[in-house]
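Chemist: Pasting a structure below so you can have a look.
The values are calculated or read from the model by the stated rules, or taken from the named source; none is laboratory data. Quantities reported herein were computed from a predicted structural model and do not represent experimental measurements. Quick reminder, even Gly has a Cβ in these numbers, built from the backbone with ideal geometry, and neighbours come from all protein chains shown.
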Amino acid sequence: MVKTVSDELNRELNKVERFCFKLTGWIGTPLSVIIHTILFIGIFVLQYFGFDTRTVLLILTTLISIEAIYLSIFIQMTVNRSVKRIEAVKEDVEDIQEDVEDLETDVEEMTEDIDVIQTEHVEEDGEDHKKTKNTFAQIESQLQKIITELESLKKKNNSV
């Protein structure tokens, strides 16, 4: 069995992945900004508890560096997941486009069959001929509407 991108995205995330994606989502919130601001102010407050300026700045730069490393990892995880989702959508669009093309071919073949049947029944006389002709005209009209809708769908899929 071939694993598709959709299958990979639909699998259950493990605890670490769930935690990372929740944390990544939380980091972009106003609450995160407030907490970070309080923490950074708190680090400078350490000077009033006897820490010298060099030690405070060392703690600050160390924490900022560690946070930057983790943020870049979280960003890369999000980018990787987004790329997989885009690939899955691309596969889905390609499948839909193939289905639309197959359906369009079927509709064209049906239209040709109707034309053949209409041509064969042209020689008929009377009321049955008129009813048959009207029925085929209605069917052909409906098929033309379907073809138009399929072409519209195909154009939309091509623009994606």
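Chemist: Conditions first: (1) without any contact (Cβ under 8 Å) to a residue 40 or more places away in the chain; (2) surrounded by 12 or more Cβ atoms within 10 Å (Cβ to Cβ); (3) of a type in the set (Asp, Glu). Residue 102 passes all but one, so which condition is the exception?
Modeler: That leaves (2) as the condition not met.
Chemist: Quick check: is even one residue across the range 132-140 farther than 30 Å from residue 25 by Cα and at pLDDT 85 or above?
Modeler: No, the range 132-140 contains no residue that is farther than 30 Å from residue 25 by Cα and at pLDDT 85 or above.
Chemist: Somewhere in the range 27-48, is a residue at pLDDT below 90, surrounded by 12 or more Cβ atoms within 10 Å (Cβ to Cβ) and among the β-branched types (Val, Ile, Thr)?
Modeler: Yes; the residues of the range 27-48 include at least one that is at pLDDT below 90, surrounded by 12 or more Cβ atoms within 10 Å (Cβ to Cβ) and among the β-branched types (Val, Ile, Thr).
Chemist: Please find, among 24, 61, the residue that is assigned to a helix (DSSP H, G or I), under 34 Å from the mean Cα position of the chain (by Cα) and farther than 30 Å from residue 155 by Cβ.
Modeler: 24
Chemist: Name every residue in the range 49-63 that is in contact with a helix residue (DSSP H, G or I) (Cβ under 9 Å, 6 or more places away or on another chain) and either under 20 Å from residue 22 (Cβ atoms) or exposed (fewer than 12 other Cβ atoms within 10 Å of the Cβ) (or both), in order of residue number.
Modeler: 53
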